[in-house]
Amino acid sequence: MTKQRVSKALKSIKHFVRDSWLTASYYTGLSHLYQALAGRKRGIISYHNVLPVSVLPAFDTYNVDVTAAIFDKQLHFLKKHFRVQPIQELENPNAKGIFLTFDDGMRNNYEVLAPILAKHDVSALFAICPAMVDGDLPYIWRDHLFLLLHQAISQEVWLPLNDYQTPLLVPETSAGINALTRQLKQYIYQHQLADIYGLVREICQKNGWSYKVSSPDGLRYDFMTWSQIRALVGQGHRVASHTQTHRVLRFLGQEEKKMELEVSKQRLEAELKQEVSLFVYPYGSRAEIDQATVQAVQEAGYHMALMNVQQPSFSPVMLSQPRFAFPPMADSAHLHAIVSGYKFLFR
């Protein structure tokens, strides 16, 4: 047995033991006791897409999707075990409980997700990239790369992974295309590319592809319209800036950072006719954010900003507020361990 297989087997055993302990803790009341005594008193959950399917397709390139049925069960769980706060209380530090946020502004947010929120009488925050709504870019770059590769299944293509020296074979399966898309993301991060959309165009040119590619699923890949976003605001939801084009802010120069932050804020305020004081960092980890980025967010006039970290990482704290994500499951023991923070005692 190779080292890789041994490592994988040990990891599986570790997860099995941990998950078994979490289940036992939930049904014996131990995790509930932890929540009461030392658990998370305030939490912000990060979601992206809610889809009306029974099984998630493999195009969930970065594990950001959940089925509508599972999402409905998750809301039922949250309402039963925790206080789900109205999103208007997000900036109130004394408001204890759970807040819901949804990134990217895909069409499923309005057509699938919002009715489920209404069913449970829950309001949420929607993070929007105005350039996507305006149609300046057809897709977020990661989705665009996946769709381009998907149209070239089983073909040899030219990619920057080896400086376009030799063609690479696109896998036959969506899971294989996912893996190749992840490699392209790693390339972008290793080279800290600012002009990510320029890279997408370059790949198209090298392969003789059209920059425009059809969407196999409008609910998953297409963006909400301004009228739909305004309707969400009318239903009691709120809107945050998610930058103008969903690039990695840490990789940008000061002027490009300023454009992404200020233009998106101005565009949202012009369309919604109200102040937009909330910001959600794209990707949201320390790999994409540094203190200079937080400073730029503050200078752009935002009052609160959300990251995907366990604890505030930068100063001021209000501009590096932590969020956590739910896996696409409805297991009460696991979800309770995540929300309470009990799970993170056993990493």
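Tabulated values for the structure
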| read-out | value |
| --- | --- |
| For peptides 325-333, 183-191, sequence by mean Cβ density within 10 Å, most packed first | 325-333, 183-191 |
| Listed residue (V239, T23, Q186) projecting farthest to the positive dipole end of the chain, Cβ model | T23 |
| Point-to-point label distance, R182-A231, nm (Cα→Cβ direction, 7 Å offset) | 3.6 nm |
| Over the chain: helical MRE at 222 nm, DSSP H runs n ≥ 4 each giving -39500 (n - 2.57), nearest 500 | -13000 deg cm²/dmol |
| Heavy-atom accessible area per residue - segment 74-196, 1.4 Å, Å² | 42 Å² |
| Most to least packed among 98-108, 248-258, 38-48, 309-319 [average Cβ atoms within 10 Å] | 98-108, 38-48, 248-258, 309-319 |
| Cα centroid separation, segment 81-117 to segment 315-346 (Å) | 15 Å |
| Separation in nanometres of the label points that stand 7 Å from Cα toward Cβ, at V64 and M259 | 2.2 nm |
| Inter-label distance for A118 and V317, nm, one decimal - labels placed 7 Å from Cα along Cα-to-Cβ | 3.8 nm |
| Solvent-accessible area of E172 with every protein chain in place, 1.4 Å probe, in Å² to the nearest 10 | 140 Å² |
| The chain - Rg over Rh from alpha carbon coordinates, Kirkwood radius | 0.97 |
| Added length on full extension, which subtracts the Cα-Cα distance from 0.36 nm per residue, S215 to A9 | 70.4 nm |
| Highest to lowest packing among 3-13, 20-30, 222-232, scored as the average C-beta count within 10 Å | 222-232, 20-30, 3-13 |
| Fraction of the pair-distance distribution of segment 230-347 above 19 Å, Cα-Cα pairs, percent | 52 percent |
| Cα-based shape type of segment 19-100, given that a ≥ b ≥ c are square roots of the gyration tensor eigenvalues and the cut on a/c is 1.5 | oblate |
| Pairs from K185/K206; K41/K343; K41/K119; K11/K41; K79/K119; K11/K343 whose Cα-Cα separation, in the structure shown, is over 20 Å | K41/K119; K11/K41 |
| Helix runs (DSSP H) in the chain reaching 15 Å along axis by Cα, Kyte-Doolittle at least -0.5 | 68-81, 174-190, 196-207 |
| Length added when fully stretched, S20-E202, from 0.36 nm per residue minus Cα-Cα | 60.7 nm |
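The values are calculated or read from the model by the stated rules, or taken from the named source; none is laboratory data. From a predicted model like this one, the values you see are computed outputs, not experimental measurements. We place every Cβ from the backbone using ideal geometry, glycine too, and count neighbours over all the protein chains shown. Remember, those area values only see protein heavy atoms, side chains included, never the ligands or the DNA or RNA. Shrake-Rupley method; radii C 1.70, N 1.55, O 1.52, S 1.80 Å.
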